């Protein structure tokens, strides 16, 4: 059941997107970084993304399923904190990570929006709610 929910979440994001034709444009990076101690920002297909704060701002062991099109989609591990729990009670869970808003950051072609969520816990991609990966501001 767990795998089915994750697979359904990924397929809903990947299937309608279309493929990127290699060589047409510069390969985009994940925008940023905007602060110290971050990982993954400013790179292509980073295996870890870390905002530089607590465990809730980290996705690791990322396997990218798409990159270069309107959205980049990957699967990794992040800390899930359930209702009425504190961060220390969180557990590593499978997360779907979505990069979008393909544009520019610091003069480089980049994904300017980042969001990750936990389909196993009923979460889904919300294109209107994201962190601007160039500035660190939440939208």
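Quick notes on this one:
- Of the residues making up the range 85-98, those that are without any contact (Cβ under 8 Å) to a residue 60 or more places away in the chain and either part of a strand (DSSP E or B) or more than 23 Å from residue 41 (Cβ to Cβ) (or both) number 9.
- Filter pass, residue 68 being more than 11 Å from the chain's Cα centre (by Cα), without any contact (Cβ under 8 Å) to a residue 60 or more places away in the chain and within 24 Å of residue 33 (Cα to Cα): yes
- Residues that are within 17 Å of residue 42 (Cα to Cα), surrounded by 15 or more Cβ atoms within 10 Å (Cβ to Cβ) and within 11 Å of the chain's Cα centre (by Cα) occur in the range 74-84; there is at least one.
- Test: residue in the range 99-112 that is touching a residue at least 12 places away in the same chain (Cβ under 8 Å) and part of a loop (DSSP other than H, G, I, E, B): yes
- Among the residues of the range 14-29, none qualifies, meaning not one is surrounded by fewer than 14 Cβ atoms within 10 Å (Cβ to Cβ), closer than 18 Å to residue 136 by Cβ and modelled with pLDDT of 60 or more.
The values are calculated or read from the model by the stated rules, or taken from the named source; none is laboratory data. A quick note: this is a predicted structure, and the numbers were derived from the prediction, not measured. Cβ: placed from backbone, ideal geometry, glycine included. Neighbour counts: every protein chain shown.
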